[in-house]
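The values are calculated or read from the model by the stated rules, or taken from the named source; none is laboratory data. This one's a predicted model, so the numbers in the text were calculated from it and none came from an experiment. Using ideal geometry, Cβ is built from the backbone for each residue, glycine included, and neighbour counts are taken over all protein chains shown. Side chains are part of the model used for accessible areas, which takes the heavy atoms of the whole protein and leaves out ligands, DNA and RNA. Shrake-Rupley method; radii C 1.70, N 1.55, O 1.52, S 1.80 Å.
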Amino acid sequence: MVQFESLEEDASRLVSAALKAGADQCDVVVTKGQSVGVSVREGKVENTGSAEGDDFYLRVFSGKRVATVSTNQVSDLAMVAERAVAMARVSPEDPFQDLAPREDLITEIPDLDLLESSPPDPARLQEAALEAEDAGLAVTGVSKSMGASAGWGISGFVLATSAGFSGSYARSGCSVSASMVSGDGDTMERDYDFSSAVHRGDLRSPAEIGRTAGERAVRRANPRKVDSGNYPVIFDRRLAGGLLASLLGAINAASVARKTSFLRDRLGEQIAASAITVTDDPLRKRGLGSRPFDGEGLACKPLVLVDKGQLTTWLLDGATARELDLQTNARASRSGSGTSPSSTNAWIANGSKSPQELARDIGTGFLCTETIGHGINMVTGDYSKGASGFWIENGKITHPVAEITIAGNLKDMFMAMTPANDLEFRGATNAPSLLIEGMTIGGK
């Protein structure tokens, strides 16, 4: 188990040193990392790695002037504190930065079952990676392996503030992945599969991961182009979480305050189809994005961000809430330089139909399983990416497709969106397969 008592003591000592050096108020964050991983290829270990370390971040306030310093040494706390205070006194004022008030701080930290009781045997990680690769290579039609990997790690977070807060939590994480290739030369096609979880017992089996990666690679063999035009597009659930991530970025209060969000003027309005409900729950047991308190020491609670298509709130931390004249909803995450808003465990709720039923409903269209590029303009919502996947004709998949583009605008895409019923929690941002009517496909 990870022990935080000494780190919390060091953080509190650094708070005291900063106040003694002349800071009006301050906070200290300690991030703890520990990881081990192995990757294999063609039956041989290709790479192994391990890392461990603690980093301290001291943020001090001199009036409305703020500065942050970082260190991984706590042997001379006075020097670190004096340097931070000196930097703050010559920094420009930031009227929105502040600590959370003492009366708002969390008083009882919930147990979210985020930590494994013991690390894995490194030999077992190697066995898992080899098992995944062997299962992928055993699939008929797979020509070679691009490799497989397995890893495990712990990330820890300690926060101490001059307002009287001191707390910590840790999250373990583990993963297995595999990537396989079908065909040779110009006919090669690649695909992958992975599983990640907080506890090793929640991972899918390495054999299933490798086999699925191989089957997906074989399924993509001999792709074709399709005619350009406007068609319905079904985004596979592996990609659907990326569309949700774009929405979360657009309702992040930092983007709203900077006026770099295509939804910056839409709070309280219908911004998605009535079938779309988005929830963010930091208290989800064993969630990959769970946290018992936010980066300012505030209690977290679930939020419905989009309710049947209506945008109900921004993702807010203390600074952005003050800038927008709102109340924080405890979505502060803490980096070295300060806080910023972020989601935790966010998902789009299931719809009523399976992906197969959605395909039957549209008759002709495109099932997108991979996108290429970063073609999203978050200011305008314009969306354009390279894509590959499968063509749907008469409600059934007919052949693989590659070397096309799909385009639209996220404002229109969310209003024309229908969720399937195949939601799985495989990360911190999840969505079921999503049907979007009327996208532009650029083909032959």
field: Those residues of the stretch 204-236 which are in a loop (DSSP other than H, G, I, E, B) and not hydroxyl-bearing (Ser, Thr, Tyr), in sequence order
entry: Arg204, Arg220, Ala221, Asn222, Pro223, Lys225, Val226, Asp227, Asp236
message: Here is a check on your reading of the model: is Arg59 among the charged types (D, E, K, R), surrounded by 22 or more Cβ atoms within 10 Å (Cβ to Cβ) and either at pLDDT 95 or above or in a helix (DSSP H, G or I) (or both)?
response: yes
- line: Per the filter on the stretch 134-143, residues open to solvent by less than 40 Å² (accessible area, probe 1.4 Å), farther than 17 Å from Ser175 by Cβ and assigned to a helix (DSSP H, G or I) are none
- request: Report yes if Ala100 is of a type in the set (Gly, Ala, Ser), closer than 23 Å to Ala67 by Cβ, open to solvent by less than 40 Å² (accessible area, probe 1.4 Å) and touching a Leu at 6+ places or on another chain (Cβ under 8 Å), otherwise no.
  value: yes
field: Filter result (in contact (Cβ under 8 Å) with a residue 60 or more places away in the chain, outside any loop (DSSP other than H, G, I, E, B) and over 21 Å from Arg331 (Cβ atoms)) within the stretch 90-116
entry: none
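Listed here are the residues, each with its yes/no results for (1) under 15 Å from Leu159 (Cβ atoms); (2) not hydroxyl-bearing (Ser, Thr, Tyr).
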| residue | (1), (2) |
| --- | --- |
| Ser6 | no, no |
| Ser12 | yes, no |
| Val15 | yes, yes |
| Ala21 | no, yes |
| Val30 | yes, yes |
| Gly33 | no, yes |
| Phe56 | yes, yes |
task: Enumerate the strands (runs of 3 or more DSSP E) found wholly within the stretch 314-402, keeping only those where 3 or more residues are surrounded by fewer than 18 Cβ atoms within 10 Å (Cβ to Cβ).
output: 382-393
query: Yes or no: Lys20 buried (at least 16 other Cβ atoms within 10 Å of the Cβ) and among the basic types (Lys, Arg)?
result: no
message: Six or more apart or on different chains, Cβ atoms under 8 Å: show the pairs whose first residue is in the stretch 422-444 and closer than 25 Å to Cys174 by Cα and whose second is among the β-branched types (Val, Ile, Thr) and open to solvent by less than 20 Å² (accessible area, probe 1.4 Å).
response: Leu423/Ile348; Ala428/Thr344; Asn430/Ile348; Ala431/Ile348; Pro432/Ile348; Ser433/Ile234
The stretch 243-263 residues that are farther than 13 Å from Leu410 by Cα, paired with ones that are open to solvent by 20 Å² or more (accessible area, probe 1.4 Å) and assigned to a helix (DSSP H, G or I) (beta carbon under 6 Å, 6 or more apart): Ala257/Glu323
message: Going by what's in this entry, would Arg204 be described as of a type in the set (Lys, Arg), without any contact (Cβ under 8 Å) to a residue 60 or more places away in the chain, open to solvent by 40 Å² or more (accessible area, probe 1.4 Å) and under 26 Å from Ile348 (Cβ atoms)?
response: yes
- prompt: Of the numbered conditions (1) aliphatic (A, V, I, L, M); (2) open to solvent by 10 Å² or more (accessible area, probe 1.4 Å); (3) closer than 27 Å to Leu58 by Cβ; (4) in a strand (DSSP E or B), Met146 satisfies every one except a single condition; which is it?
  reply: (3)
Search result, residues across the stretch 37-52 that are part of a strand (DSSP E or B) and either out of contact with any strand residue (DSSP E or B) (no Cβ under 6 Å at 6 or more places or on another chain) or among the β-branched types (Val, Ile, Thr) (or both): Val38, Val40, Lys44, Val45, Thr48
task: Being open to solvent by 40 Å² or more (accessible area, probe 1.4 Å) and under 26 Å from the mean Cα position of the chain (by Cα) is the filter; apply it to the stretch 207-233 and report the residue that is nearest to His399 (Cα to Cα).
output: Arg216
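Considering the stretch 292-312 alone, what residues qualify as being outside any strand (DSSP E or B) and either open to solvent by 30 Å² or more (accessible area, probe 1.4 Å) or aromatic (Phe, Trp, Tyr) (or both)?
Scanning the stretch 292-312 gives Lys301, Pro302, Lys308, Thr312.
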query: Based on what the data block shows, is Ser12 in contact with a Lys or Arg (Cβ under 7 Å, 6 or more places away or on another chain), open to solvent by less than 80 Å² (accessible area, probe 1.4 Å) and among the small types (Gly, Ala, Ser)?
result: no
- request: Kindly indicate whether Ala78 is in contact (Cβ under 8 Å) with a residue 60 or more places away in the chain, open to solvent by less than 90 Å² (accessible area, probe 1.4 Å) and farther than 22 Å from Cys300 by Cα.
  value: yes
message: I'd like the full set of residues that are more than 24 Å from Arg200 (Cβ to Cβ) and either within 17 Å of the chain's Cα centre (by Cα) or open to solvent by less than 10 Å² (accessible area, probe 1.4 Å) (or both), limited to the stretch 149-174.
response: Val158, Leu159, Ala160, Gly167
- request: State which residue is farthest from Asp113 (Cα to Cα) when the search covers only the stretch 180-201 and only residues that are open to solvent by less than 20 Å² (accessible area, probe 1.4 Å) and in a strand (DSSP E or B).
  value: Ser182
